[in-house]
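The values are calculated or read from the model by the stated rules, or taken from the named source; none is laboratory data. Not measured: the values here are computed from a predicted model. Note: ideal-geometry Cβ built from the backbone for every residue, glycine included; neighbour counts use all protein chains shown.
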Amino acid sequence: MKVVYGFIVILLTTGSTHLAAKKSGFDLGVAYDLDVGVTAQFNHYSLFFNSDAVAFDANLETFYNSKKSAALYIDFGAFYQDREANNDTFEDRVGIRLPIGVTFGLGRNVEAYIQAVPHYDFNNDKDFDVDGAIGVRYQF
């Protein structure tokens, strides 16, 4: 929880809100996607991981507003999640996903995003569902 409070302090003390001013194309932050974890982005590719899950997405399309302070994006990717079921057995999830989200600048070199994540699990029950994700990244 201290990490979240740290990012809130960074967000409140930074100035610029322009998304197109990325220096290296590399972003790093925290997110709640397949639980709480680390998110990274390099150019048009996103990675999320924690101790039990990993997701990799490639950007399909991005639409910026006129000031480039916010963007709507559509990604396509895959995920793996190692979950423990109720009866102490493991129920792994593997599938494809189509994140659709909005990202916006919160301050100088800081962006936030929120997304809906329709996904299809290839595990035993072959489940289609929609989850959500939210995160904050620092742009290097």
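Table for the structure above
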item: Residue within region 74-87 that is surrounded by 17 or more Cβ atoms within 10 Å (Cβ to Cβ), farther than 16 Å from PHE26 by Cβ and more than 14 Å from the chain's Cα centre (by Cα) present; result: yes
item: Enumeration of residues in region 43-61 that are part of a strand (DSSP E or B), in contact (Cβ under 8 Å) with a residue 12 or more places away in the chain and not charged (D, E, K, R); result: TYR45, SER46, PHE48, PHE49, ALA53, VAL54, ALA55, PHE56, ALA58, ASN59, LEU60
item: The one condition in (1) within 14 Å of ARG137 (Cα to Cα); (2) surrounded by 15 or more Cβ atoms within 10 Å (Cβ to Cβ); (3) at pLDDT 90 or above that PHE42 fails to fulfil; result: (2)
item: Residue tally, condition surrounded by fewer than 13 Cβ atoms within 10 Å (Cβ to Cβ) and either under 19 Å from LEU47 (Cβ atoms) or modelled with pLDDT of 95 or more (or both), over region 121-140; result: 2
item: Count of residues meeting criterion [closer than 15 Å to VAL30 by Cα and in a strand (DSSP E or B)] in region 106-140; result: 15
item: THR62 being under 9 Å from the mean Cα position of the chain (by Cα) and either of a type in the set (Val, Ile, Thr) or surrounded by fewer than 19 Cβ atoms within 10 Å (Cβ to Cβ) (or both); result: no
item: Subset of region 73-102 (residues that are hydroxyl-bearing (Ser, Thr, Tyr) and at pLDDT below 95); result: TYR80, THR89
item: Unique residue being assigned to a strand (DSSP E or B), touching a Pro at 6+ places or on another chain (Cβ under 8 Å) and more than 18 Å from GLN139 (Cα to Cα) when the list is GLY77, GLY95; result: GLY77
item: Single residue of ALA20, ALA55, ALA112 found to be in contact with a helix residue (DSSP H, G or I) (Cβ under 8 Å, 6 or more places away or on another chain) and either of a type in the set (A, V, I, L, M, F, W, C) or at pLDDT 95 or above (or both); result: ALA112
